[in-house]
Amino acid sequence: MSASSKPHHHWRASDLRAVTLLATDATAAVTRMAEGLHQSVWRTLGAPSGATPARTRGLTGLIYRSITGVTERVGSGVAAALTRLEPWLQRLEAQGEESLERAAMLAALNGVMGDRLQAAGNPLATPMTLRFQNKVLGGAAPPDATQVTGKVLIVIHGLCMNDRQWASQHAGLPINHAERLGTALGYTPVYVRYNSGLHVSENGHLLAQLLDDLARYWPVPVTELSVLAHSMGGLVTRSALFAAGQAGMAWPGVLKNIVFLGTPHHGSPLERAGNWIDVILGSTPYSRPFAKLGQLRSAGITDLRYGHVLDADWQGHNRFRRQPDSRVHLPLPETIACFTVAATTATKRSAMADRLVGDGLVPLHSALGQHDNPQRSLNFAPDHQYLAYRTSHLALLSSPAVAQQLMTWWE
């Protein structure tokens with residue numbers, strides 16, 4: 001059977017165990033939320049709480065603990081049984097490629113709660129990998145020297161997305177910015193897939209190490225690295241570059257270009273609005289238990305409040321507490337050509353206020369690296385900035401105008 005005719009998998013054997021663990025965690029979380037609401041009502045009547053202010057006591061507390069305990073034991077038992085069955089189920093699976101639908105579902109799930117999936121050891125948590133021609137790269141599986149060049153283009157996606165979503169369409173025709181650059185300018189595109197629910201700086205450390213490894217197993221000498229990053233991927237790129245510099249890695253020495261597509265360098269107001277929801281829900285004893293719903297969002301999402309890229313931006317802080325922007329300023333690297341593409345859904349002749357709204361997710365000023373405090377601004381050269389009108393955040397990936405601008409810059 002040829003590679004193109006192999007069946008595409010919507011589900012894998014390990015997904016059964018993963019969904020069981022996810023359902024167990026969800027049931028336990030809902031039970032704790034119900035207990036918290038129950039105790040909030042009792043507390044207003046003067047009733048004492050249990051071990052913590054959100055826990056009940058006596059027979060009521062025993063019932064809630066019993067529900068939680070039984071759920072965890074049943075979930076663990078089913079997961080253990082499925083673990084033993086997995087090798088047998090995997091042998092029954094046809095060896096087909098992962099479907100686009102499954103990849104998209106996992107990417108969205110990891111973006112929303114990927115940090116929780118990883119902490120729980122859930123198989124649905126996505127490890128960071130480099131990919132070439134839809135296959136995972138590594139020292140044990142390097143590409144063939146006849147298929148690559150010494151000019152490597154690192155392509156990194158945004159929040160809740162995956163590497164296969166760079167392949168898009170415009171007016172019914174396929175478009176992929178990375179492949180077009182590769183064909184025209186001799187780059188070899190290498191795609192990054194990662195768990196976008198982790199802290200940006202955690203992914204930065206992982207990416208820095210993967211690029212350090214890449215230079216060792218690449219079958220020809222790496223003469224040039226360039227990066228094409230969409231949305232959160234741009235923050236991860238800046239974080240990786242900082243981490244590599246701190247660790248004395250060599251790959252930044254061959255890094256020539258970075259293009260940021262719709263990167264929220266100074267955050268997104270949508271996450272700040274989510275943070276306000278936390279504050280509002282937590283303002284009364286009756287609604288406070290429901291604030292936990294807002295706190296299900298991942299560390300990656302809360303990093304987008306202000307555009308965190310370093311460990312110091314979040315370590316030692318309660319990421320759900322309302323607080324001012326206290327980031328450590330990280331300027332653009334001086335020895336690397338940095339370009340930024342910002343988008344706005346408005347037209348070129350619309351009111352300035354409409355244009356500043358941006359692409360629906362990222363405001364114009366944030367994508368351009370501009371800040372109210374000039375000392376925090378990222379100073380992109382004027383001819384290294386491009387504004388795409390009547391373009392949404394995701395449409396940046398399928399815009400012919402953006403594709404042409406990338407060619408103009410890099411040619």
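Of all residues in region 300-352, which are small (Gly, Ala, Ser) and surrounded by fewer than 16 Cβ atoms within 10 Å (Cβ to Cβ)?
Ala312, Gly316, Ser326, Ser350, Ala351
Which count do you get for residues in region 362-402 that are aliphatic (A, V, I, L, M), part of a loop (DSSP other than H, G, I, E, B) and over 14 Å from Leu332 (Cα atoms)?
If we filter region 362-402 for residues that are aliphatic (A, V, I, L, M), which is where we start, we get 362, 364, 367-368, 378, 381, 387-388, 394-397, 401-402.
Narrowing the set further to residues that are part of a loop (DSSP other than H, G, I, E, B) leaves 362, 368, 378, 381.
Pick out the ones that are also over 14 Å from Leu332 (Cα atoms) and you get 362.
Of the residues in that region, 1 qualify.
When the residues of region 88-108 are narrowed to those that are at pLDDT 80 or above and over 13 Å from Asp163 (Cβ atoms), which ends up surrounded by the most Cβ atoms within 10 Å (Cβ to Cβ)?
Here the residue is Ala108.
Just wondering, is there one or more residues in region 321-328 that are modelled with pLDDT of 95 or more, among the aliphatic types (A, V, I, L, M) and under 25 Å from the mean Cα position of the chain (by Cα)?
No, region 321-328 contains no residue that is modelled with pLDDT of 95 or more, among the aliphatic types (A, V, I, L, M) and under 25 Å from the mean Cα position of the chain (by Cα).
Name, by its number, the condition in (1) charged (D, E, K, R); (2) under 16 Å from the mean Cα position of the chain (by Cα); (3) surrounded by fewer than 18 Cβ atoms within 10 Å (Cβ to Cβ) that does not hold for Asp115.
(3)
Has region 256-265 got at least one residue that is assigned to a loop (DSSP other than H, G, I, E, B) and at pLDDT below 95?
Within region 256-265 (the criterion being assigned to a loop (DSSP other than H, G, I, E, B) and at pLDDT below 95), the answer is no, since none of the residues qualifies.
Please count how many residues of region 214-226 are crowded, with 16+ Cβ neighbours inside 10 Å and either at pLDDT 95 or above or part of a strand (DSSP E or B) (or both).
Our first condition is that a residue be crowded, with 16+ Cβ neighbours inside 10 Å; within region 214-226, this holds for 214-215, 218, 222, 225-226.
Remaining after also requiring either at pLDDT 95 or above or part of a strand (DSSP E or B) (or both): 214, 218, 222, 225-226.
Residues in region 214-226 being crowded, with 16+ Cβ neighbours inside 10 Å and either at pLDDT 95 or above or part of a strand (DSSP E or B) (or both): 5 in total.
List the residue pairs whose Cβ atoms are under 8 Å apart, where the first residue sits in region 148-177 and is free of Cβ contacts under 8 Å to residues at least 12 places away in the same chain, the second is buried (at least 24 other Cβ atoms within 10 Å of the Cβ) and assigned to a loop (DSSP other than H, G, I, E, B), and the two are 6 or more positions apart or on different chains.
Between residues of region 148-177 that are free of Cβ contacts under 8 Å to residues at least 12 places away in the same chain and residues that are buried (at least 24 other Cβ atoms within 10 Å of the Cβ) and assigned to a loop (DSSP other than H, G, I, E, B), there is no close pair.
Consider only pairs whose beta carbons are under 6 Å apart and that are at least six residues apart or on different chains; among these, list those whose first residue lies in region 379-392 and is assigned by TED's automatic domain parsing to the domain that holds Val362 and small (Gly, Ala, Ser) and whose second residue is part of a strand (DSSP E or B) and surrounded by 14 or more Cβ atoms within 10 Å (Cβ to Cβ).
Within 6 Å, the pairs are Ala388/Ala343.
The values are calculated or read from the model by the stated rules, or taken from the named source; none is laboratory data. The model shown is predicted, which means the values in this text are computed figures rather than measured ones. With ideal geometry, Cβ positions are generated from the backbone for all residues, glycine too; neighbour counts draw on all protein chains shown.
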